[in-house]
Amino acid sequence: MKSILKQLRNNHFLSFAGNMIMAVIGMLTILLLAHNFSTKEDVGNWVFFILNMVTLADVFRTGFLQNSLIKFYSGTDKERSASISGAAWHIGFVITLAGCAINLLWYLWYVIFHPTVTPATLIMMHWFGIIFLAMLPYSVATWILQAEERFGMLLVVRGINQCLQLLFMVILILTNHLTFLNAVYANFLTCVLTSAATMIAGWDRLGTIGKRTKESIHELFHYGKFSVGTSIAAQFLKASDTYIINFMLPGNAAAAAVGMYGMAQQLMQVIEIFIRSFTATAMPMISAASNQGDNNKVVYLMKKFAGMITLALIPICLVCFVGADVFMHILGGKKFIGSESVGVFRIFMFFAILLPLDRFMGITLDMINKPRANMIKVYIMLAVNVIGDIAGLLIFKSIYGVAGASIITFIVGTLYGYWTLKKYLNFKMGDIFTLGYAELKMLISNIFKKFSKAPIGE
């Protein structure tokens, strides 16, 4: 047993386990709130405020700073890393205060022109800036822990945040005090306590803000303006399918189609979490190699991860393809068996195999300090996807056309990423699969050897 636990105690497993656990706890929290809020309006207000307003603001801040911090922080000496973390704090404060200023203007506009504003809207206006500020230390700490490849501690921080949120919501439910306002209070307290824990532990490195330099601030800002563009384009890429379906199909048909397409997208989250977990661990490794000027190692790491994960996904996608009806039944119930959701999910499995290639070429462009090239790649994919979705609906009159357009989108993204990356690094597409197969075979062989040698009961 100890031998097995030792094998699982690595960054890749910790990252994957952390993403899965956080997704489950987050979903459980949302389900509890949805079932226990007294009105549908409270559910809608919570979704709009926390899952849209606050989350989107945090996506902007994270998109601007996370990749840039990892890029310039990983594999550097103590002085350089302190300068970069200090610069991240400086820009983080600027973005946060800008968000608070916009929130204040929004509040004043409502007070002057809409004096009959609803209580829920007032709550949102009062608490948005405060919560956004309270999240900052927690956010910076997670970026730094990822850059330092301390995924065990990253799991702890994220676990504290999600478990506190769930705990406070359960307390409110059990004491019959669950209201939208009290849920916002609980969210604020969760952010404060999580941020306080990271500050006490020193994971957020707030003390380095005095070591920032004009050069390090300029580096992060210049990089961040492209990485945040990539993040925004990626968000639109994820949402564009449902927006176009909703816009182009009539009335109730649009709502039903969006529901079926959305169920297939929810199932895809399992594949997404698997890939996202490995990109999270690979980013600081590729960045460190790039910062040390070792392009051979950069190429090796990119080929290794992209190849291994692509090959590992093939049997997973086959199982999902064959068992699509079963999985859809588990997620959505009997009404989704044999529905278009099943067919859409099966189509998704074709482009799912392309996802590791697309993602790793993208993050490699970011980590070798070519964020503009990656941003262009994502915007090209967005344009192809929008055109493909519209054409698919016009030609096939079905959401199958939209799902099929996604295959073309990721083929284009992968080919453009390969063509762009070839300008800076020397490798061939076939090398990715050759190395990936060799590394995956070696990994499986080593696991079997170590487990077979472990004494029974150990």
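The numbers here are math on the coordinates, done by the rules we state, and not lab data. Since the structure is predicted, the reported quantities are computational estimates derived from the model, not experimental observations. Counting neighbours? That spans all protein chains shown, and the Cβs are built from the backbone with ideal geometry, glycine included.
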Dimensionless Rg over Rh [region 279-435; C-alpha; Kirkwood]: 1.04
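Let me check against my output: what whole-number percent is the relative contact order of the chain, with C-alpha pairs under 8 Å and at least 6 apart? Write out the running numbers ahead of the final one.
Details: 566 pairs, mean separation 95.8, N = 458.
Rounded, it is 21 percent for the chain.
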Per-residue Cβ neighbour rank within 10 angstrom, fewest leading, Thr96, Thr39: Thr39, Thr96
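Compute the projected area of the convex hull of the Cα atoms of region 219-265, averaged over all viewing directions, and report it in nm² to one decimal place.
Details: hull surface 15.1 nm².
In nm², the orientation-averaged hull projection of region 219-265 is 3.8.
Over all directions, how big on average is the projection of the convex hull of the alpha-carbon atoms in the chain, in square nanometres?
Details: hull surface 100.2 nm².
Quarter of the Cα hull surface area: 25.0 nm².
Using the alpha carbon gyration tensor of region 202-336, what are the three equivalent-ellipsoid semi-axes (square root of 5 times each eigenvalue), largest first, in whole Å?
The answer is 39, 23, 14 Å, longest axis first.
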Note, ³J(HN,Hα) from phi for region 419-435, Karplus 6.51, -1.76, 1.60, rounded to Hz, x at Gly and Pro: 4, 6, 5, 5, 5, 10, 10, 9, 6, 10, 4, x, 4, 4, 6, 4, 5
In sequence order, calculated HN-Hα J values of region 335-340 (Karplus, 6.51, -1.76, 1.60; Hz; x Gly/Pro): 5, 9, 5, x, 7, 5
Partner lysines for Lys297 [C-alpha distance under 24 Å; skip if fewer than 8 residues away on the same chain]: Lys71, Lys78, Lys370, Lys377, Lys422, Lys423, Lys428, Lys441
Cα coordinate range in region 51-203, projected on the principal axes (Å, largest first): 56, 39, 22
Value of Rg to Rh for region 103-153 (Rh from inverse mean 1/r over Cα pairs, i.e. Kirkwood): 1.30
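Got a sec? How would Tyr110, Tyr138, Tyr243 order by Cβ neighbour count within 10 Å, fewest to most? Walk me through the intermediate numbers first.
Working: Tyr110 17, Tyr138 24, Tyr243 13.
Lowest to highest Cβ neighbour count: Tyr243, Tyr110, Tyr138.
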Residue-averaged 222 nm ellipticity for the chain, from DSSP H runs of 4+ at -39500 (n - 2.57), nearest 500: -29000 deg cm²/dmol
Cβ-based exposure ranking for Phe448, Phe13, in which fewest neighbours within 10 Å come first: Phe448, Phe13
